1. Kindly indicate whether residue 103 is in a helix (DSSP H, G or I), buried (at least 18 other Cβ atoms within 10 Å of the Cβ), at pLDDT 95 or above and under 15 Å from the mean Cα position of the chain (by Cα).
2. Which pairs turn up if I take residues in the stretch 177-195 that are on the phi > 0 side of the Ramachandran plot and look for partners that are at pLDDT 95 or above and part of a loop (DSSP other than H, G, I, E, B) with beta carbon separation below 9 Å, at least 6 apart in sequence or on another chain?
3. Give the number of residues within the stretch 214-227 that are surrounded by fewer than 16 Cβ atoms within 10 Å (Cβ to Cβ) and either assigned to a helix (DSSP H, G or I) or in contact with a strand residue (DSSP E or B) (Cβ under 7 Å, 6 or more places away or on another chain) (or both).
4. What number of residues within the stretch 33-67 are in a helix (DSSP H, G or I) and either over 30 Å from residue 17 (Cα atoms) or without any contact (Cβ under 8 Å) to a residue 24 or more places away in the chain (or both)?
5. Within the stretch 185-213, count every residue that is surrounded by 18 or more Cβ atoms within 10 Å (Cβ to Cβ) and closer than 20 Å to residue 136 by Cα.
6. Just checking, does the stretch 78-86 include any residue being surrounded by 19 or more Cβ atoms within 10 Å (Cβ to Cβ) and either touching a residue at least 60 places away in the same chain (Cβ under 8 Å) or part of a strand (DSSP E or B) (or both)?
7. Answer yes or no as to whether residue 131 is in a loop (DSSP other than H, G, I, E, B) and touching a helix residue (DSSP H, G or I) at 6+ places or on another chain (Cβ under 9 Å).
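The values are calculated or read from the model by the stated rules, or taken from the named source; none is laboratory data. Keep in mind it's a predicted model, so treat the numbers as computed, not measured. Here the Cβ is made from the backbone with ideal geometry for all residues, glycine too, and neighbour counts use every protein chain on show.
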């Protein structure tokens, strides 16, 4: 039985509305974002990868059954983000601050609008799939916090059914993030479950692995990404 099957047969009375998916994203641009990758491959290559990764995240967003939020890194990109996907969605730009401060601000804004279970993803983990997202939805039925651990010590997905504790002082963009995030939630007496470990794309080595992992993935944006990697990696 797949995770989707398990979700479908859960008793109706314990099901809330579908969680809200928030996609944190940056408008791809030369010399902005993917800087670790750019140091290895050059700015143009990193820029092309960023566009492909964004397409993969939007592919997942398009088929999301619950409320959808596109959250651009800057308010000036609100018009750009509003046209990213041909589907009803909110655009909630990120404020200034570190990643923890921005997540808390967007989370607070959405809760003030009546959203309850809120899942955050970025655009750097194209290996995420339907079973992974269903695992996340099931987790939020029983737990306050769900975390998708990344191979490098970070996270590829994070979700909450309650407001987050203070995330502003966590070691973002370090291999201590996942551990520190879980600790902050436990200190706040929030229950946690962990999803399957996956990985995000930071370095050229990640792309080498991704090219192999996407061999049997039939999702169009993933097919396009793999074909591009075959030609350019």
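1. Yes: the conditions hold for residue 103.
2. 189/144
3. Taking the stretch 214-227 first, the residues surrounded by fewer than 16 Cβ atoms within 10 Å (Cβ to Cβ) are 215-216, 218, 220, 223-224, 227.
Narrowing the set further to residues that are either assigned to a helix (DSSP H, G or I) or in contact with a strand residue (DSSP E or B) (Cβ under 7 Å, 6 or more places away or on another chain) (or both) leaves 220, 223-224, 227.
Matching residues across the stretch 214-227 total 4.
4. So in the stretch 33-67, the residues in a helix (DSSP H, G or I) come out as 35-41, 43-62.
Now restrict to residues that are either over 30 Å from residue 17 (Cα atoms) or without any contact (Cβ under 8 Å) to a residue 24 or more places away in the chain (or both): 35-41, 43-52.
Total satisfying the criteria: 17.
5. 6
6. Restricting attention to the stretch 78-86, the residues satisfying the condition of being surrounded by 19 or more Cβ atoms within 10 Å (Cβ to Cβ) are 81, 84.
If we keep only those that are either touching a residue at least 60 places away in the same chain (Cβ under 8 Å) or part of a strand (DSSP E or B) (or both) as well, we get none.
No.
7. Details: in a loop (DSSP other than H, G, I, E, B): no; touching a helix residue (DSSP H, G or I) at 6+ places or on another chain (Cβ under 9 Å): yes.
So residue 131 does not fit the description; no.
Yes/no matrix, rows are residues, columns are (1) buried (at least 20 other Cβ atoms within 10 Å of the Cβ); (2) out of contact with any helix residue (DSSP H, G or I) (no Cβ under 9 Å at 6 or more places or on another chain); (3) within 23 Å of residue 222 (Cβ to Cβ):
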{"residue": "20", "(1), (2), (3)": "yes, no, no"}
{"residue": "23", "(1), (2), (3)": "yes, no, yes"}
{"residue": "32", "(1), (2), (3)": "no, no, no"}
{"residue": "35", "(1), (2), (3)": "no, no, no"}
{"residue": "38", "(1), (2), (3)": "no, no, yes"}
{"residue": "45", "(1), (2), (3)": "no, no, yes"}
{"residue": "53", "(1), (2), (3)": "yes, no, yes"}
{"residue": "59", "(1), (2), (3)": "no, no, yes"}
